[in-house]
């Protein structure tokens, strides 16, 4: 029997892109349905904002794994079913969906959509993922914390005091910084003996640990009045943060998003070690 369908080939093709195995088996409608449902689910999870939770990205990963396993399993048996159905046929004709160019087109389209969604997730899905490189936000955020950032939230909300935000560093706009908003436009800010005084009132900052605020207690800073459309930001690790104390304010337009959760974390000192207790929402 010519044009025999092999279950192993269906598996390999489906691993390249979910649904390709169905094309190989002759079920083009299932391939199209798989493509549509797979990418619709990813867009829905991203757009629903569930992705921003501490378990959101894990759900995407599980969705991808389950989709691959299920479609690969079904494609394997459909390929074998096609052979049984055509067992008494000397040669069965391949449909257009089973031609080599159909596989290339389907896989290419799947890869292009996947790359576009991942590369432009900030615009298309409203979130981004970052790995913390420094201790400037310790102990709220630590090196090797992976965080989820909502990049849509400030399209309909105004940044507030206490928000942990990502923004373009004023001195190098191509570099992203992450700090906490301490004051908004019109606020008067002063730092005295390591304590932030906002509009004449000393602020309670439980996220600033005493051991991360020893140098600033012996240092006097100037006073600031935040101009319109700008924000005053500080790192929670006051002794190890390059922030508004040194280079001034952040423009509203420079703010990219709001950090929402830690979805993964590990320690590298003394060997790789997961920090599962750090996986949590930030507010």
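Residue-by-condition table, conditions (1) in contact (Cβ under 8 Å) with a residue 40 or more places away in the chain; (2) over 22 Å from residue 238 (Cα atoms); (3) assigned to a strand (DSSP E or B); (4) over 16 Å from the mean Cα position of the chain (by Cα):
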{"position": "129", "(1), (2), (3), (4)": "yes, yes, yes, no"}
{"position": "136", "(1), (2), (3), (4)": "yes, no, no, yes"}
{"position": "140", "(1), (2), (3), (4)": "yes, no, no, yes"}
{"position": "147", "(1), (2), (3), (4)": "yes, no, yes, no"}
{"position": "154", "(1), (2), (3), (4)": "yes, yes, no, yes"}
{"position": "157", "(1), (2), (3), (4)": "no, yes, no, yes"}
{"position": "161", "(1), (2), (3), (4)": "no, no, no, yes"}
{"position": "166", "(1), (2), (3), (4)": "yes, no, yes, no"}
{"position": "172", "(1), (2), (3), (4)": "no, no, no, yes"}
So residue 207, is it in a loop (DSSP other than H, G, I, E, B) and either in contact (Cβ under 8 Å) with a residue 60 or more places away in the chain or within 31 Å of the chain's Cα centre (by Cα) (or both): yes
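Which of the residues spanning region 174-194 are part of a strand (DSSP E or B) and surrounded by fewer than 16 Cβ atoms within 10 Å (Cβ to Cβ)?
188, 192
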Leading residue by the ranking (surrounded by the fewest Cβ atoms within 10 Å (Cβ to Cβ)) among those in region 114-127 that are in contact with a helix residue (DSSP H, G or I) (Cβ under 7 Å, 6 or more places away or on another chain) and in a loop (DSSP other than H, G, I, E, B): 126
Top-ranked residue of region 221-247 - restricted to ones that are surrounded by 20 or more Cβ atoms within 10 Å (Cβ to Cβ) and in contact with a helix residue (DSSP H, G or I) (Cβ under 6 Å, 6 or more places away or on another chain), ranked as nearest to residue 184 (Cα to Cα): 232
Evaluation of residue 276 against (1) exposed (fewer than 12 other Cβ atoms within 10 Å of the Cβ); (2) over 27 Å from residue 52 (Cβ atoms) (one fails), failing number: (2)
Matching entry among 32, 43 (being surrounded by 15 or more Cβ atoms within 10 Å (Cβ to Cβ), over 17 Å from residue 264 (Cβ atoms) and modelled with pLDDT of 85 or more): 32
Members of region 30-44 that are over 24 Å from the mean Cα position of the chain (by Cα) and farther than 15 Å from residue 81 by Cβ: 31, 32, 33
Residue in region 95-106 that is in a helix (DSSP H, G or I), outside the structural domain of residue 44 (by TED's automatic domain parsing) and either farther than 23 Å from residue 212 by Cβ or in contact with a strand residue (DSSP E or B) (Cβ under 8 Å, 6 or more places away or on another chain) (or both) present: no
Of residues in region 248-283 being in a loop (DSSP other than H, G, I, E, B) and more than 19 Å from the chain's Cα centre (by Cα), the one nearest to residue 184 (Cα to Cα): 249
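The values are calculated or read from the model by the stated rules, or taken from the named source; none is laboratory data. This structure is a prediction, so every number in the text was calculated from the model and none was measured. Heads up, the Cβs are rebuilt from the backbone with ideal geometry, glycines too, and the neighbour counts pull from every protein chain shown.
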